[in-house]
Amino acid sequence: MKLVAENLTGSLFYVEVDDGATVLDLRTEISSQQSLPSDRLLFVPDHDRGRLISAADDGTSLVDFGLRDGSLIYVFFCPLDDEGVDDLDARQLFFNCPDLLLFQ
């Protein structure tokens, strides 16, 4: 399956993974291809912009998130843990703003 990924700068790149790939497989491939820290990668699928895919979903198949060949995903970074807070729910506030602010 070949996915289109868009990062925070608006740059597009392609990521190719097996049809049965998991979130961890995607994270590993992007990390290797783009030299990004795999443990900080977060994804938002274009077809479900309210859905945040994180490391907690590593064992889940990409197909279970509705991703298929040609799907677009947005790639974000989990903020650095400066205060010992390792609560993903606290970090999700970064994604709770209107679509028009995030995806233009």
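Points to keep in mind about this one:
- Of all residues in segment 51-74, those that are polar (S, T, N, Q) have Cβ atoms under 6 Å from Cβ atoms of residues that are exposed (fewer than 15 other Cβ atoms within 10 Å of the Cβ), 6 or more apart or on another chain, in S54/L88.
- Any chance T9 is without any contact (Cβ under 8 Å) to a residue 40 or more places away in the chain and not in a loop (DSSP other than H, G, I, E, B): no
- As a summary of the residue check, R49 satisfies the conditions (1) at pLDDT 95 or above; (2) touching a Leu at 6+ places or on another chain (Cβ under 8 Å) except for the one numbered (1).
- So E29, is it open to solvent by 60 Å² or more (accessible area, probe 1.4 Å), in contact with a Leu (Cβ under 8 Å, 6 or more places away or on another chain) and free of Cβ contacts under 8 Å to residues at least 24 places away in the same chain: no
- Entry remark, segment 35-47: residues being more than 10 Å from the chain's Cα centre (by Cα) and under 13 Å from I73 (Cβ atoms) number 2 in total.
- There is at least one residue in segment 61-68 that is part of a helix (DSSP H, G or I), open to solvent by less than 70 Å² (accessible area, probe 1.4 Å) and modelled with pLDDT of 90 or more.
- Segment 32-47: number of residues that are open to solvent by less than 70 Å² (accessible area, probe 1.4 Å) and out of contact with any strand residue (DSSP E or B) (no Cβ under 9 Å at 6 or more places or on another chain): 1
- Number of positions in segment 70-90 that are among the hydrophobic types (A, V, I, L, M, F, W, C), modelled with pLDDT of 85 or more and open to solvent by less than 40 Å² (accessible area, probe 1.4 Å): 3
- Applying the set (1) at pLDDT below 95; (2) surrounded by 10 or more Cβ atoms within 10 Å (Cβ to Cβ) to D58 leaves exactly one unmet item: (1).
The values are calculated or read from the model by the stated rules, or taken from the named source; none is laboratory data. If you're wondering where the values come from, they're calculated on a predicted model, not measured in any experiment. In this analysis, Cβ positions are derived from the backbone assuming ideal geometry, glycine residues included, and neighbour counts consider all displayed protein chains. Please note that ligands, DNA and RNA were not included when accessible areas were found on the heavy atoms of the full protein model with its side chains. Shrake-Rupley method; radii C 1.70, N 1.55, O 1.52, S 1.80 Å.
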